[in-house]
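Trainee: My structure is below; once you've seen it, I'll send some questions.
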Amino acid sequence: MNMFMDASGECHYCYDDCLVCADAETCQTCDMGFDLIFDESSSTEYCGYEPEPECDWGFYMEYDESTMEDVCMPCLDNCDICYDANTCDLCYEGFTLSVTDGSDPVETCEQTEP
């Protein structure tokens, strides 16, 4: 698509990064990888990148294909910092990172002995 028809019947391209537009300034659907963002100061919508949400301690960012959005997912139990569901970079205070041996190592945060 990437085009719209003006009042005189002439076709024009939508602006960059816009897939479907109603006119030269109104985008309805952005190209893949872009978000339709509403600018409150000018009351207009444009295609751009939404800043990635940041996750709290104990969570990591993962792309959810069903919603096509980034979501925060919990780390392993007792893990403070992680970058995916199977690894831990820093355990809670009082816990120690333990890695099992084998072909498919598993990381856990075990309570530290007093």
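Trainee: With unit charges on the beta carbon (Lys/Arg positive, Asp/Glu negative), name the residue among GLY33, THR100, CYS72 whose Cα is farthest towards the positive pole of the charge dipole of the chain.
Mentor: GLY33
Trainee: Separate question: Please compute the net charge surrounding ALA22, taking Lys and Arg as +1 and Asp and Glu as -1 over other residues with Cβ under 11 Å from its Cβ.
Mentor: In short, -4.
Trainee: Then there's this: Report the dimensions of region 59-111 along its three principal axes from the alpha-carbon atoms, largest first, rounded to Å.
Mentor: That gives 36, 29, 12 Å along the principal axes, largest extent first.
Trainee: Could you give each residue of region 10-19 its phi-based ³J(HN,Hα) in whole Hz, using Karplus coefficients 6.51, -1.76, 1.60 with θ = phi - 60°, and x for Gly or Pro?
Mentor: Whole-Hz 3J(HN,Hα) from phi for region 10-19: 7, 8, 9, 6, 5, 6, 3, 6, 9, 8.
Trainee: Bin by bin, in steps of 10 Å, what percent of the Cα pairs in the chain do you find, going until the bin that has the longest distance?
Mentor: Calculated over all Cα pairs of the chain, the distribution is 13, 26, 20, 15, 13, 9, 3, 1, 0 percent.
Readers should treat all values here as calculations from the given coordinates under stated rules, not as data from a laboratory. Note that the structure is predicted; figures quoted are calculated from it, not measured. FYI the Cβ positions are ideal-geometry reconstructions off the backbone, even for glycines, and counts take in every protein chain you see.
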